[in-house]
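Please read the structure below before turning to the comments.
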Amino acid sequence: MLGRLAEQPADKILSLMQDFAADPRGDKLDLGVGVYRDDAGITPVMGAIKQAELALWEVQKSKSYTGLAGDPAFAAALGDLVLGDAAGRDRRAAIATPGGTGAVRQGLELVGLAAPEATVWVPEPSWPNHLSILAHLGRPHRTYRYYDPATGAVDADGMAADLAGLAKGDVVLLHGCCHNPTGADPDMALWEKIADLLSERGAIPMVDLAYQGFGDGLDADVAGLRHLARQLPEMLIATSCSKNFGLYRERVGLLVALAPDAATARRAQGTLEHLNRQNYSFPPDHGARLVTMVLTDRPLRNAWQQELAHMRDRIRDLRGTLAEELRRQTNSDRFDVLAAQKGMFSRLPATPDQVATMRRGHGIYMVGDGRVNLAGLTTKTVPQLARAMVAAGF
Ligand code: LMR
């Protein structure tokens, strides 16, 4: 049996981690996988999480099973963080999942159960695993135009033209904020247009929210998502605590299905729990419990928000410094847009040869499509990146 297995293609993002680790150069620079790093190049355990871990060690008396949906207090606290007052808890069905990827996967499985004929529309470009999971599940899918490399902003006209092809019941995948891989987000006027378009067509948004708090702020980053929740009867939200709580390896995610009414939400809840049971029974609890403790304890929550604000400010400052450095070194304003984009990622206008030159010649690792994780830079390495880009003919 095993001999019949085909070779799987290497994951474009995760394979970079291994290549980077194997590179012996001391001045190499990892701008690949999307993890936050501080100015010393460390991905820290956040202070509020450390405190919650200590407290949990003291108070936790049992590690027996929770429920199939995970601890309801987690879904309530994280659901409130995402949705605010845009959708009451009675409209929400939710399950804890292993990370944001687990939430995306369970959301797409839910689509398969409820509407197997629905096409899932994915922005071009998107996080590569979106298309990979869709192909793995055999769900009908296609892409819509999203990014205009000439302006570094969302291609609103291309997007609207492509989404005019939506059929009733189709699902539109959107990034809640800090678009991966481009850093180009819709402004509020465009979110309003998206809501109108989806409403006219009877389509359902599925929002992948992996970076809440990394763009403009915890509430500002979900203003568009909350508008969709107010305007549309149904929505799926796949959210992750990997980045904003720094809980990457603990695998903390939540899938929310917003229903038009409480009775439908209850039915959706049963299906979500069934999906958890089929795939892994109970979702991981440790990280989710830490998140709940942080969100429901005022001093811990304040400490977490401050630390998150510091991370956000650091990324924004790095963006500004890099844009300035590139303006100085290239004598042009071509890279000013880096300062306007949001979150960890931007996509540099790199040819495959330039990506290879950056890696081979300069030890700078970026994803093959030119995506860079700006949170992998430090104040010291910004000029190093700019110099290498100029030398590689950017
Ligand atoms: C990324 O885009 O680099 C992260 O979301 C990590 C991953 O799982 O791909």
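Angle between the Cα long axis of helix 298-330 and the longest principal axis of the chain, 0 to 90 degrees, nearest 10?
Here the helix axis deviates by roughly 30 degrees.
Taking amide hydrogens as modeled 1.01 Å from N in the peptide plane, which residues meet the under 5 Å criterion relative to GLY176, leaving out close sequence neighbours?
So GLY176 has HN proximity to ASP208, LEU209, ALA210.
Where a ≥ b ≥ c are the square roots of the eigenvalues of the C-alpha gyration tensor, would you call region 1-64 rounded, which needs a/c under 1.5, or, failing that, prolate if a/b is larger than b/c, or oblate?
Judged from the Cα gyration tensor, region 1-64 comes out oblate (a/c at least 1.5, b/c at or above a/b).
Using each residue's phi in region 195-201, evaluate 6.51 cos²θ - 1.76 cosθ + 1.60 at θ = phi - 60° and report the 3J(HN,Hα) Karplus result to the nearest Hz, with x for Gly and Pro.
4, 4, 4, 5, 5, 4, 8
What 222 nm value per residue comes from the helices of the chain, counting each DSSP H run with n ≥ 4 as -39,500 (n - 2.57) and dividing by all residues, nearest 500 deg cm²/dmol? All intermediate terms of the calculation are to be shown ahead of the outcome.
Working: 14 runs with 179 residues, N = 394.
For the chain, the value works out to -14500 deg cm²/dmol.
For region 68-75, just list the computed ³J(HN,Hα) in residue order, Karplus coefficients 6.51, -1.76 and 1.60, θ = phi - 60°, integers in Hz, with x standing in for Gly and Pro.
Those phi angles translate into 4, 8, x, 6, x, 5, 5, 4 Hz.
List, in order, the whole-Hz ³J(HN,Hα) value for each residue of region 256-268 obtained from phi through the Karplus relation with A = 6.51, B = -1.76, C = 1.60 and θ = phi - 60°; use x for Gly and Pro.
Couplings: 10, 10, 8, 10, x, 8, 5, 5, 5, 4, 5, 5, 4 Hz.
Helix 286-296: angle to the longest alpha-carbon principal axis of the chain, degrees 0 to 90, nearest 10?
80
Which GluC sites (Glu not before Pro) does region 44-146 hold that lie in a coil by DSSP with at most 14 other beta carbons within 10 Å? All intermediate terms of the calculation are to be shown ahead of the outcome.
Working: sites: GLU53, GLU58, GLU109, GLU117; in loops: GLU117.
For GluC sites (Glu not before Pro) across region 44-146 that sit outside H, G, I, E and B with at most 14 neighbouring Cβ atoms in 10 Å, the list reads GLU117.
When only Cα pairs under 8 Å and 6 or more residues apart are kept, what is the percent relative contact order across region 65-296? Before the final figure, lay out the partial values.
Working: 447 pairs, mean separation 76.1, N = 232.
Relative contact order, region 65-296: 33 percent.
Please give the helix 128-137 orientation as an angle from the longest Cα principal axis of the chain, in degrees from 0 to 90, rounded to the nearest 10.
40
What percent does the relative contact order of the chain come to when contacts are Cα pairs within less than 8 Å and at least six residues apart?
Here the relative contact order equals 26 percent.
Arrange the peptides 310-316, 75-81, 135-141 so that the one whose residues have, on average, the most other Cβ atoms within 10 Å appears first. Don't skip to the answer; put the middle values down first.
On the way: 310-316: 17.7, 75-81: 19.4, 135-141: 13.7.
Result, highest mean first: 75-81, 310-316, 135-141.
Using modelled amide H (1.01 Å from N, peptide plane; none on Pro or chain starts), what sits under 5 Å from the amide H of ILE364, excluding residues fewer than 5 places away?
LEU29, ARG359
Could you give me the radius of gyration and the Dmax of region 65-296, taking only the C-alpha atoms into account and expressing both in angstrom?
That works out to 16.3, 52 Å for Rg and Dmax.
Could you tell me the extents of the chain's C-alpha atoms along the three principal axes, largest first, rounded to whole Å?
61, 55, 52 Å, listed from the longest principal axis down.
Give a quick list of trypsin sites (Lys or Arg not before Pro) in region 55-144 that DSSP marks as loop, anything other than H, G, I, E or B, with at most 15 other Cβ atoms within 10 Å. Before the final figure, lay out the partial values.
Working: sites: LYS61, LYS63, ARG89, ARG91, ARG92, ARG105, ARG142; in loops: LYS61, LYS63.
Passing both the DSSP loop test and the Cβ count: LYS61, LYS63.
Using Cα pairs closer than 8 Å and at least 6 residues apart in sequence, work out the relative contact order for region 278-359, in percent.
Details: 31 pairs, mean separation 14.5, N = 82.
It rounds to 18 percent for region 278-359.
Contour minus end-to-end for SER132 and LEU14, with contour as 0.36 nm per residue of separation and end-to-end as the Cα-Cα distance?
My answer for the length gained is 41.1 nm.
Pick out, in residue order, every one of the chymotrypsin sites (Phe, Trp or Tyr not before Pro) in region 1-74 that is DSSP loop and has at most 12 other C-beta atoms within 10 Å; say none if there are none.
TYR65
Could you tell me which of PRO125, CYS178, GLY138 has its Cα farthest along the dipole of region 114-187 towards the positive end, charges placed at Cβ (Lys, Arg +1; Asp, Glu -1), taken about the Cα centre?
GLY138
Take the Cβ-Cβ distance between ALA356 and ASP85 as r, set R0 to 51 Å, and report the resulting FRET efficiency rounded to the nearest 0.05.
For R0 = 51 Å, the calculated efficiency reads 0.55.
Since every read-out is calculated from the coordinates, none of them should be taken as a lab result. As the structure is a computational prediction, the values presented were derived from the model and not from experiment. So basically every Cβ, Gly included, is an ideal-geometry build from the backbone, and we count neighbours across all protein chains shown.
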